[in-house]
Amino acid sequence: MDKPVQSIGDHPLARDVNAEHDAQLSPLERICKSIADWTGAPLALLGAVAVQFVWIVVGSLTHWDPFPFAFLLTASNVIQLILIFILAVGQRQSSEHAELRAESDHEAISRLLYHQEAQEQILLKLAAKIDVDVTAVRTLIERLASEDPAQAPG
């Protein structure tokens, strides 16, 4: 006997798009993703603000990097230039992942709609066999099937 399905992730027709996407990433893309995830965190923002504040205070007091803090500005610009490309790679990965999820959702919804249509036909045939008047239900199903979703109320 088949093992019962425990969760949606265990279902044979459900794709694990997260695992698929992770398997497609190169080692360099994984590193970029990690850096992009970390730099997008609030803790990274607080860390950057703290480092710059400490640098300005220490640079002003010791005259090691006095106002206008040329070394701090240069270092910040270099880091920003590098992060621009890392974040671009991370954004591309997010876009590819979203596209993979959308395709998977479309497949799942298509299967569900096909399954629902098959159930409707079975129920209508069963109702006809036991002489139940299904005219109103059949009319409703046909109207819903032919209705343009863009013009539906709601």
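Listed values, structure above:
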{"read-out": "Test result for Asp133, within 27 Å of Arg15 (Cα to Cα) and of a type in the set (D, E, K, R)", "value": "no"}
{"read-out": "Residue ID - nearest to Ala102 (Cα to Cα), chosen from residues in segment 17-27 that are of a type in the set (A, V, I, L, M) and in contact (Cβ under 8 Å) with a residue 40 or more places away in the chain", "value": "Val17"}
{"read-out": "Residue selected from segment 1-49 under the condition exposed (fewer than 10 other Cβ atoms within 10 Å of the Cβ) and among the hydroxyl-bearing types (Ser, Thr, Tyr), by the criterion modelled with the lowest pLDDT", "value": "Ser7"}
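Conditions tested, residue by residue: (1) surrounded by fewer than 12 Cβ atoms within 10 Å (Cβ to Cβ); (2) modelled with pLDDT under 90; (3) assigned to a helix (DSSP H, G or I).
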position	(1), (2), (3)
Val54	yes, no, yes
Ser60	no, yes, yes
Asp65	no, yes, no
Pro68	yes, yes, no
Gln80	yes, no, yes
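The values are calculated or read from the model by the stated rules, or taken from the named source; none is laboratory data. Everything quoted here is computed from the prediction, not taken from an experiment. Every residue, glycine among them, receives a Cβ derived from its backbone with ideal geometry; neighbour counts consider all protein chains shown.
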